[in-house]
Amino acid sequence: MKLAHPPCPMVLFAGFLAISSGASAAPLDSWTSVSSGTSNRLNAVASGNGIFVAAGDLGTILTSANGSTWISATSAITNSLLALAYGQGQFVAVGTLGAILTSSNGLNWSPQDSGTPNRLNAVASTQLGLVAVGDLGTILTSADGSNWNVRTSGTASSLVGVSEGFGKIIAAANTTVLVSSTNGLDWTTNAGPYFFAGLAYGNGVMLGITIRSGFERSVDGVTWNRFFGQFNNYCYGLTYARNVFIGVGGYYDGGGGRTIATSTNGMTWNIRYTNLGEGRLLSVAYGGHRFVAVGDGGAILVSAPLLSISNPVVVSNGVQMIIEGDPDGVYRIQRSPSLSAPSWDNIGAVTNFGGSSQFVTPILPEASASFYRLSSD
C-alpha cells in the first residue's frame, strides 16, 4: 500500500482534529536526492507497471518501486542506453549501436534485433505501437517490442525526439526537419524548427526542446513558436503529467548546475529546484504520485508525492475534505482516533475523476478526535 507523506499540517475545528496527508510545501518545490548505487550517468527514466526504471551509460539499468530505493538490474550489454518508454506491457530501452532491450518487470531484460547499427536517441509508446528514432533519420516501429521494422523517414538528419499528438506521430530532428506519420508506416518530411532534444505532449500542446533553454511550442503540430525557460543553459529532459510540463537540465558540459522547472502552457516557466554545485539532470518521468529525475553521476531526485487530503471543513452532513490525486485514481480514506497509537480504519473510497475531488465523512458522536489519511493500492 502506497501512503502519502506523514500527516501534517493539522487543523482544529468543532472539537475534531483533521489532518492533511500532503507535505506543507508544494510537492514540486520539494525534491529529495536519493542514492542510485552507481556513478554512471543516467540518461533516461520511465514509469509503468507500478515501478520506475532508469537507464544509462555502460548498460546501466536500475529499478525502483517507489522512486526512493533503487536496485541494479543486469542488461548484459555495455552500450549506452539513451531512452526509455513503457508500452505494450513492457519497458523498452534503446541506445547506441541500435541497441534495444525489453523487460516486463524492469529486472529481466531481453535484447531485440533492431535491424540497424545506428544510435537510437528516443522511443515512445503510441496508440499505433512503439516507435524508436535515431541517427541518420532512423525510424523503427513495433507492435510488440520484439519485432521491429525499419521505416523510411525521408531524411538523413538525426532524430532526437518522438511523441504522439494531434492525431499523428511526430519525430523531431536536430536540423530544420520535422517527420510525421498518421499510421506509423508512411512518414512525411516537412520543414520544421531545430530541436536539441525530446518532445512532450499534453492538453493540446506539444513542446520540443531547442538550444539554450528554448522550447518550440505548437498547438497543431505544423506551426511552431519559440519560448524560453530557465535551466542554467540547457533543458535536456521533458515530460507532461498532472496537468503540467516539467523540464530538467543544467550546464552543457556537465560541469555543474542543475535545474527543474515547470509550466502549465509551455510559455511561462517557474523554477522549482536549482543548485549550481550539482551535475545536470537529463530525464524526468511521473509515476506513483511523484516525479523522478535522473542525470549525471547517477543522480536521482524524487519530488514530494502529489497525493494529499486537505482543507477539512464541517458541513451539515459531516466533514468535507479535498482529495488531490491522479485523474481516475481510486483512493481509500482512512481514519484513526489517535496518532500516538494509530489504528487506521477504512471509512470510504472515492474515484478522482479530475485532478481533485471532494469527500464527506460523517462525524462520529463518540469520537473526541479524528485523524484522516489517504491511501492508494
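The values are calculated or read from the model by the stated rules, or taken from the named source; none is laboratory data. Computed from a prediction, not measured in an experiment: that's the story for all the values here. In this analysis, Cβ positions are derived from the backbone assuming ideal geometry, glycine residues included, and neighbour counts consider all displayed protein chains. Surface areas here come from the heavy atoms of the whole protein model, side chains and all, with no ligands, DNA or RNA. Shrake-Rupley method; radii C 1.70, N 1.55, O 1.52, S 1.80 Å.
Name the residue that is most open to solvent (accessible area, probe 1.4 Å), counting only residues in segment 333-363 that are under 16 Å from VAL315 (Cβ atoms) and out of contact with any Phe, Trp or Tyr (no Cβ under 9 Å at 6 or more places or on another chain).
GLN358
Report the residue count in segment 159-176 for those that are among the β-branched types (Val, Ile, Thr) and within 22 Å of THR96 (Cα to Cα).
Residues meeting the conditions: 4.
What residue, among those in segment 49-63 that are touching a residue at least 40 places away in the same chain (Cβ under 8 Å) and more than 12 Å from ALA93 (Cβ to Cβ), is surrounded by the most Cβ atoms within 10 Å (Cβ to Cβ)?
PHE52
Determine which member of the set THR32, THR38 is modelled with pLDDT of 50 or more, touching a Gly at 6+ places or on another chain (Cβ under 6 Å) and surrounded by fewer than 21 Cβ atoms within 10 Å (Cβ to Cβ).
Result of the check over THR32, THR38: THR38.
Among the residues of segment 142-161, what is the count of those that are assigned to a strand (DSSP E or B) and open to solvent by 10 Å² or more (accessible area, probe 1.4 Å)?
Selection size over segment 142-161: 4.
From the list LEU374, LEU301, LEU306, which residue is touching a Lys or Arg at 6+ places or on another chain (Cβ under 7 Å) and either within 24 Å of LEU28 (Cβ to Cβ) or assigned to a strand (DSSP E or B) (or both)?
LEU306
Is it the case that segment 344-364 has a residue that's under 27 Å from SER30 (Cβ atoms), in contact with a His (Cβ under 8 Å, 6 or more places away or on another chain) and in a strand (DSSP E or B)?
no
What pairs come out if I take residues in segment 70-83 that are in contact (Cβ under 8 Å) with a residue 40 or more places away in the chain and pair them with residues that are open to solvent by less than 30 Å² (accessible area, probe 1.4 Å) and part of a loop (DSSP other than H, G, I, E, B) whose C-beta lies under 7 Å away, six or more apart or interchain?
Filtered contacts from segment 70-83: TRP70/SER36.
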